[in-house]
Amino acid sequence: MKNYRPTTASRRHMTTRSYKKVVTVSTPHKTLTKGGKRAVGRNSQGRITSRHMGGGHKRKFREIDFTYNKHDIPAKVETIEYDPNRSSYIALLCYADGERRYTTAHKDMKVGDTFIVSETAKPEPGVRMPLRNIPIGLAIHNIETKPGAGARLIRSAGTSATILAQDGTHTHLKMPSSEIRKLNSAVWATIGVVSNEEHQLLTLGKAGRSRWLGKRPTVRGTAMNPVDHAHGGGEGRQGRGHRRARSIFGKPTGKGHKTRSPKKYSDSLIVSRRKVGKRRK
């Protein structure tokens, strides 16, 4: 991480990532990019469905390959690049048949490395194979939820799941949330930890950087009127007046309130629920 001299109040705690040590090119591969308009929290009628979203810097969308349907064809890593649409770095792969695709880079990936999707490959970082063929104790990412559905789980910077056990047709995984769950052993995953582990240490430092990312200001509920929020009103600063914190819609929020559906279809696959709090191990 890069720190700055405190020449201003916003510079005092601001940190940025050192891209020069990782990123090898400054422009993306043109044929794998496209333009487009971001939804910024609005639905098809233009109404706000997610608050505090809007604006932000214009972005080019990189077409990331999450299907990984080129089996047993080795690929070579040509570049490591920055992607404004995700927290991890991405890598440009050139397959042996000449096709190029983007993939999310793992922690130790560098230019010149080989990448392959194969059931018979040696289990090494960057290799993609079914869960049943991956040894116990290895960290994995880009995990499918159903065979052939494409990578859905563990795609954020610095995250990984750990294989705990092989149980018949299912594999037990420990997720980043500390939850232990079962997945079909036939689904595919990539060995290794997602790149850019320093992402969680990033300090924006000023409101402007949030606006560049498309994040609009958030007003405290206690600063509002009673008609606008359940915490609003009162002369001067007041307590919220309720035992539990509430959202702008009057629903309980925070403080351990469970939002998961009590009869979700995947409950039978959860071996141990996630541990809530600072010490979740």
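Every number in this text was worked out from the coordinates using simple rules, so none of it is lab data. The structure presented is a predicted model; accordingly, all values stated were derived computationally and were not measured. Backbone-built Cβ (ideal geometry, glycine too); neighbour counts: all protein chains shown.
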Can you say what percent of the DSSP beta bridges in the chain, counting only those with both residues inside, are antiparallel? Round to 5. 95 percent
Comparing 240, 209, 100, which has the greatest mean-square fluctuation in the GNM of the chain with Cα pairs linked when under 10 Å apart? 240
Give the separation of the Cα centroids, region 72-150 to region 243-277, in Å. 33 Å
Put in order of increasing Cβ neighbours within 10 Å, starting from the fewest, 95, 89 give 95, 89
Rounded to the nearest 5, what % of the DSSP beta bridges within region 61-215 are antiparallel ones? 95 percent
Final fewest-first order of 201, 131, 164 on the 10 Å Cβ neighbour count is 201, 164, 131
Give a quick list of chymotrypsin sites (Phe, Trp or Tyr not before Pro) in region 165-252 that DSSP marks as loop, anything other than H, G, I, E or B, with at most 10 other Cβ atoms within 10 Å. 249
The answer for the net charge of residues other than residue 155 whose Cβ lies under 12 angstrom from its Cβ, with Lys and Arg +1 and Asp and Glu -1, is 0
Test item: Cα-centred dipole of the chain, Lys/Arg +1 and Asp/Glu -1 on Cβ, debye: 1880 debye
Listing 65, 267 from the residue with the fewest other Cβ atoms within 10 Å to the one with the most, what is the order? 267, 65
Charge tally for neighbours of residue 122 with beta carbon under 15 Å away, counting Lys, Arg as +1 and Asp, Glu as -1, is -3
Using the Cβ atoms and a cut-off under 9 Å, what net charge is assigned to the surroundings of residue 231, where Lys and Arg are +1 and Asp and Glu are -1? +3
Under 20 Å Cα to Cα from residue 122, which lysines show up? Leave out anything in the same chain fewer than 8 places away. 70, 76, 107, 110
